[in-house]
1. What list of ³J(HN,Hα) couplings, whole Hz, do you get for the stretch 129-137 from phi and the Karplus terms 6.51, -1.76, 1.60, once you set θ to phi - 60° and write x for glycine and proline?
2. ³J(HN,Hα) across the stretch 87-103 via Karplus (A = 6.51, B = -1.76, C = 1.60, θ = phi - 60°), whole Hz, x for Gly/Pro?
3. Taking θ = phi - 60°, what integer Hz values does the Karplus form 6.51 cos²θ - 1.76 cosθ + 1.60 yield along the stretch 143-156, in sequence order, with x for Gly and Pro?
4. Over the stretch 10-160, what portion of Cα pair distances is larger than 20 Å, expressed as a whole percent?
5. Could you list which residues have their amide H under 5 Å from that of LYS110, counting only those 5 or more apart in sequence or on another chain, with H placed in the peptide plane?
6. How do TYR58, TYR15 line up, fewest other C-beta atoms within 10 Å first?
7. For GLY41, what is the net charge nearby, where nearby means another residue's Cβ is under 13 Å from its Cβ and Lys, Arg count +1, Asp, Glu -1?
8. 5 Å is the cut-off here: which amide hydrogens, built 1.01 Å from N in the peptide plane, fall below it relative to ASP84, excluding neighbours closer than 5 in sequence?
Amino acid sequence: MQIIDHDHPITAIVYGDGPEFETFLKATTEAMAGQGMRLAGLIQVSRPQDERRKCDIYLTDLATGEVHGVSDDRGPEARGCRLDVDRLLRAGQAAERAISADTDLLVLCKFGKTEAAGGGFRSLVATALAQSVPVLIGVPRANLEAFRAFAGDTAREWDLADLQAPAAA
């Protein structure tokens, strides 16, 4: 898989299994960094919690290594979305400040419900594209149509199931 494609500055990896994609993206970004790529962006780390139905979600900033907790503690029986949107936006703003002309690639863990609704990491993607920094983003199948409406013909899609091993540009 070649990530950087100047005809399509956004590469979307479409997936159905969140934990599988999380593992793939971590390995892929580690391989890219190991090859000397200068990365910006956020990858997700989910941590199971005893006595809880849902994992706690953390975002690791690829440029700084800073870890941002973005889960809202709603108790052990919480079933719905536990995302703290304010924390998500603060993590996105921190990652946005790291984008520069020296950045090789912006990596984002997810075009999620917040992005599908018009918020979240959308400004981060716009900042990267304005600086000619290509974008790699995960897109859950449930949000694929909203992503396509957002990205239009600037994106190309890869299905996670078709990708074998971590690769870099």
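1. Taking θ as phi minus 60°, the curve returns 5, 5, 9, 6, 9, x, 10, 10, 9 Hz for the stretch 129-137.
2. Values per residue, Gly and Pro as x: 5, 4, 5, 5, 5, x, 5, 5, 5, 5, 5, 7, 6, 8, 5, 7, 6 Hz.
3. My calculation for the stretch 143-156 gives 10, 5, 5, 5, 5, 4, 5, 6, 8, x, 8, 7, 10, 10 Hz in order.
4. Numbers: 5270 of 11325 pairs.
Counting pairs separated by more than 20 Å, the tail of P(r) holds 47 percent.
5. Placed amide hydrogens put GLY138 under 5 Å from LYS110.
6. On the way: TYR58 17, TYR15 23.
Lowest count first: TYR58, TYR15.
7. Values: positive: LYS26, ARG38, ARG97, LYS110; negative: ASP61, GLU66, GLU96, ASP104.
Neighbourhood net charge equals 0.
8. Those lying under 5 Å, H to H, from ASP84 are SER71, ASP72.
Bear in mind that the values in this text are calculations on the coordinates, not laboratory data. Keep in mind that what you see is a predicted model, and the values were worked out from it rather than measured. Backbone-built Cβ (ideal geometry, glycine too); neighbour counts: all protein chains shown.
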